[in-house]
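For reference, the structure is listed below as structure tokens.
The values are calculated or read from the model by the stated rules, or taken from the named source; none is laboratory data. From a predicted model like this one, the values you see are computed outputs, not experimental measurements. Note: ideal-geometry Cβ built from the backbone for every residue, glycine included; neighbour counts use all protein chains shown.
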Amino acid sequence: MKTLTNLAVAVCIGLSAYANASAVNNTFEPMNTSVKNTERHIALDLAVIKSTADIYKLDVAESPLSLLSSDTRNRFIDSLVFNERGLAGFSYIGLEAELTPSQIYKLLGYFGAQHLASVMTNARTETSTDILILNQQPPYQPLRGKEITPMGPPGDHKGYACSERATCRESAGAICMSSC
């Protein structure tokens, strides 16, 4: 009974903290938005591949890149855009054509961008994990117009490519990440 009481108190404290945070920020967004931003920051910081040079240090045969055909792998690598924060954008067309969402998740994990696997809606599904990945809330914001300037997370933009620092331009089959 004491455990149940402690749990009830913890829930009340948590709800109270959420209400106070929402009132201070004058917003009513779920608190998990900041958790997702923290997770993305950690993922980028811990990424194995943070630059083009890192790709060439990688043993491709031992990485998810080996799952791609040679032509698709080369096109994917050529599409990668890096900046001082790591991966800023890439083309996903080849990933959707050849990989499952689980395989895409593993591959993008090397770049700290695994959260973007959920937008690969044309990838074939083979497992329940693939379905779980695709059912995550999209981590990008659909945009209108020819040019946008991302304002930070969750600012990953499907259908746009990172063309220069803090500038995404419309480009089918590309994702411009908040790190652009």
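Can you name the residue in region 137-163 that is loosely packed, with under 13 Cβ neighbours inside 10 Å and polar (S, T, N, Q) and is also modelled with the lowest pLDDT among such residues? First the steps, then the outcome.
Applying the first criterion (loosely packed, with under 13 Cβ neighbours inside 10 Å) to region 137-163 yields 137, 142, 144-147, 149, 151-152.
Then drop every residue that is not polar (S, T, N, Q), which leaves 137, 149.
Details: 137: 64, 149: 40.
Ranking the qualifying residues of region 137-163, first place goes to 149.
Suppose the filter is out of contact with any helix residue (DSSP H, G or I) (no Cβ under 6 Å at 6 or more places or on another chain) and either among the β-branched types (Val, Ile, Thr) or modelled with pLDDT of 95 or more (or both); does residue 105 pass it? It is false that residue 105 is out of contact with any helix residue (DSSP H, G or I) (no Cβ under 6 Å at 6 or more places or on another chain) and either among the β-branched types (Val, Ile, Thr) or modelled with pLDDT of 95 or more (or both).
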